[in-house]
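See below for the structure under consideration.
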Amino acid sequence: MKSIAFSTLAVTTLAVTAAPVSADDHVSPNGVRTLSPEGGIIPTATWSLGTRAGDFIFVAGMRGIDPETNTLVPDAEGRVRQAFMNMQLIAESEGATLRDAVRLVVYVTDMYRYRPIVNQIQEELWGDGPYPPRTIIEVDRLNQDDIVEVEGTFYAPVED
Amino acid sequence: MKSIAFSTLAVTTLAVTAAPVSADDHVSPNGVRTLSPEGGIIPTATWSLGTRAGDFIFVAGMRGIDPETNTLVPDAEGRVRQAFMNMQLIAESEGATLRDAVRLVVYVTDMYRYRPIVNQIQEELWGDGPYPPRTIIEVDRLNQDDIVEVEGTFYAPVED
Amino acid sequence: MKSIAFSTLAVTTLAVTAAPVSADDHVSPNGVRTLSPEGGIIPTATWSLGTRAGDFIFVAGMRGIDPETNTLVPDAEGRVRQAFMNMQLIAESEGATLRDAVRLVVYVTDMYRYRPIVNQIQEELWGDGPYPPRTIIEVDRLNQDDIVEVEGTFYAPVED
């Protein structure tokens, strides 16, 4: 519920210049900026979609949640694609393309079933590459008993 | 045993200015500084609590070990809180607050049992947020058959 | 197959100055450089060995694949050593030593069997330390049903 309030706040801040809460609430004491780009999914617990700190963008583990409906995409291939697209949206909101990923960590719940799908979707999205360095592991369980989660780190130098 | 020697060394270096080993031992060829803040837990194997490199602080996976006794906090809630506090102590020793976290990765051994506790403790520690981007996964096993491990990355720009 | 083509391309670019594809193909729009150092293993899917972005080097999860034969080292101890050496080769190609690691994440498929081997190999490679901050977890499965995977991040400031 906190997250929904937070997201609503972001929209309000854009719409109403005299909003009681300033944009500085999204910047930490040391200058870490919390990201909540338009069109992104809505976090439902104690986490946010991403941060920018210096020249790097850190995206939370993304799953195949359709931001239109905030529910999981039903089929495996579509869900993996959506996970990558959710990550992409956050990275692009800070000026980073998929090619600017410095690392991916991919968590799957079945290596044999889902690793080939991840490879296929990455070919779709990255074309002939080069691809980011990747670590892929099979874990016991993801939130909502989901099948794939993707965590990306990106680089987009701040212009002076 | 090596780690205990290392920790003792750090204390000695502070206390005795004519110590035979200089503080430079904790700085790598490229300037990575190994952290061993006062009050922190004592690593018992081939790892250290954290590093600073440039503007970032990298904290090792922290578990709910009480630094007073170097043993695990008995109850689940207390143990999760302690894990976050162990991380916080290391981050703060380099000038970063919890709000300056750029990413958390949380490893639990039971998603249904421990994710709600992690959420609750994060509300305690971060208040209304914003919260850091987070990846949470259920794994097979942690060291000492522990239940939760938290890995944080922080931002604290070096002052010029 | 893509990876093999990519690797061949890198060699060609070095050998033939009039190559139709420039070295810029290995640099992203924002300046992330994809690494494929000589002597490294050859990725067989949609990933690369590492990236450099600003002052940091991000190495993909490395396993104990012998780059001479591109097959897994048979014994556990040798395989763990090889995984660390594969990581080291990539880091060193960008001017970072093992001491310049800012963080390691180690994935094992049996905490009781493989953590002691990881500790032993790290003592071999890092000597008396200090050691990097480390997170070690037991996961369900790694690619190729492997036993240990090591993911390292390194620091090597760009000279002005």
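The values are calculated or read from the model by the stated rules, or taken from the named source; none is laboratory data. Predicted, not measured: the structure shown is a model, and the values here were computed from it. A quick note on method: Cβ atoms are made from the backbone with ideal geometry, for glycine too, and the neighbour counts reach across all protein chains shown.
If you take the residues in region C:48-76 that are of a type in the set (S, T, N, Q) and more than 14 Å from chain A (Cβ to nearest Cβ), which one is nearest to C:SER36 (Cα to Cα)?
C:ASN70
Being within 30 Å of A:GLY54 (Cα to Cα), out of contact with any Leu (no Cβ under 8 Å at 6 or more places or on another chain), at pLDDT below 95 and not in a helix (DSSP H, G or I) is the requirement here; does A:VAL102 meet it?
Answer is no for this residue.
Within region A:94-109, residues that are facing another protein chain (nearest Cβ under 7 Å) and farther than 21 Å from A:ASN143 by Cβ have Cβ atoms under 7 Å from residues that are crowded, with 24+ Cβ neighbours inside 10 Å and at pLDDT below 95 in no pair, counting only partners at least 6 apart in sequence or on another chain.
One residue stands out in region C:1-48 among those that are assigned to a helix (DSSP H, G or I) and at pLDDT 50 or above: the one that is surrounded by the fewest Cβ atoms within 10 Å (Cβ to Cβ), namely C:ASP24. Residue count for region B:59-93 under the criterion of being in a helix (DSSP H, G or I), touching a helix residue (DSSP H, G or I) at 6+ places or on another chain (Cβ under 8 Å) and either modelled with pLDDT under 95 or within 16 Å of B:ASN143 (Cα to Cα) (or both): the result is 2. Taking the listed residues A:GLY78, A:GLY61, the one that is of a type in the set (Gly, Ala, Ser) and surrounded by 19 or more Cβ atoms within 10 Å (Cβ to Cβ) is A:GLY61, with no other qualifying.
Being in a helix (DSSP H, G or I) and charged (D, E, K, R) is the filter here, so list the residues in region B:105-114 that pass it. Reasoning before the result, please.
Initial filter on region B:105-114 (in a helix (DSSP H, G or I)): B:111-114.
Within region B:105-114, just B:ARG113 meets the criteria.
Name the single residue that is surrounded by the most Cβ atoms within 10 Å (Cβ to Cβ) among those in region A:91-113 being hydroxyl-bearing (Ser, Thr, Tyr) and either closer than 26 Å to B:TYR114 by Cα or within 16 Å of the chain's Cα centre (by Cα) (or both). Filtering region A:91-113 for residues that are hydroxyl-bearing (Ser, Thr, Tyr) and either closer than 26 Å to B:TYR114 by Cα or within 16 Å of the chain's Cα centre (by Cα) (or both), the one surrounded by the most Cβ atoms within 10 Å (Cβ to Cβ) comes out as A:TYR107.
Residue under question is A:THR51, and the condition is that it be β-branched (Val, Ile, Thr) and at pLDDT below 95; does it hold? First the steps, then the outcome.
Working: β-branched (Val, Ile, Thr): yes; at pLDDT below 95: no.
No, not satisfied.
Taking into account only those residues within region C:115-160 that are among the aliphatic types (A, V, I, L, M), more than 11 Å from chain B (Cβ to nearest Cβ) and assigned to a strand (DSSP E or B), which is surrounded by the fewest Cβ atoms within 10 Å (Cβ to Cβ)? The extreme case among them is C:LEU142.
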